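As structure tokens, the structure follows; a few thoughts come after it.
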Amino acid sequence: AQSVTQPDIHITVSEGASLELRCNYSYGATPYLFWYVQSPGQGLQLLLKYFSGDTLVQGIKGFEAEFKRSQSSFNLRKPSVHWSDAAEYFCAVASNTNAGKSTFGDGTTLTVKP
Amino acid sequence: EAEVAQSPRYKITEKSQAVAFWCDPISGHATLYWYRQILGQGPELLVQFQDESVVDDSQLPKDRFSAERLKGVDSTLKIQPAELGDSAMYLCASSFPGQGAEQYFGPGTRLTVT
């Protein structure tokens, strides 16, 4: 069975600082990997996804993530955080037979200090 | 920009009562998903439709939950009878069919069972 671990429940960074959110997955084959963002009272929005090819994936809002098969990781990064990035971030994994059936991690809440 | 619509946004009900949620996907999206998100956790897929057919409902508690998408467009998720543990956010998402298609999420229905 597939699973996702997001080790950091809550992260606080200063505005303008760099950000890295960790994600570790468990899946027997090559997974489909996703990062979503959820602002309070809103649904989830897809930031980026990895299916195959280049292991460094660019997404919206200046985010990127790197797939590292040897470490079973898919960490999300942003070089300079803006106050509007404060939200909850979810990593998800899906099988390559049903990309729609995603298993989500429990999320990391990002707080941005002025 | 087209969005996934959900109603109601908030619902308070007493345990043992019946409750229903409605979702209208983005026009043309053949695939529809219902997720349950318990506070502090990531979304969990309850049911996935392809047009009017159920693709996956392995995590749907079928003794009390039911879902339908009769004409392959909008969908209803029902709980009868509701239990205290059903308090959660219920999210609907839709996508075009096919592997890798992006899921678009609605704002969700926040259910509180008292």
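Miscellaneous remarks
- Of all residues in the range B:90-106, those that are at the interface with chain A (Cβ under 8 Å from one of its Cβ atoms) and assigned to a loop (DSSP other than H, G, I, E, B) total 6.
- The range B:1-53: number of residues that are acidic (Asp, Glu) and surrounded by 15 or more Cβ atoms within 10 Å (Cβ to Cβ): 2
- Checked against the criterion of being in contact with a Lys or Arg (Cβ under 8 Å, 6 or more places away or on another chain) and either among the charged types (D, E, K, R) or surrounded by 13 or more Cβ atoms within 10 Å (Cβ to Cβ) (or both), the candidates A:Leu44, A:Leu48, A:Leu33 yield just one match: A:Leu33.
- Selected residue [touching a Ser or Thr at 6+ places or on another chain (Cβ under 6 Å), facing chain B (nearest Cβ under 8 Å), crowded, with 18+ Cβ neighbours inside 10 Å and in contact (Cβ under 8 Å) with a residue 12 or more places away in the chain] from A:Ala92, A:Ala99, A:Ala87: A:Ala92
- Of the residues making up the range A:19-51, those that are on the phi < 0 side of the Ramachandran plot, within 11 Å of chain B (Cβ to nearest Cβ) and small (Gly, Ala, Ser) number 2.
Computed from the coordinates by the stated procedures, all read-outs in this text should not be read as laboratory data. It should be emphasised that the depicted structure is a prediction, and the values quoted were computed from it without experimental measurement. Please note: Cβ atoms are built from the backbone with ideal geometry, for glycine as well, and neighbour counts cover all protein chains shown.
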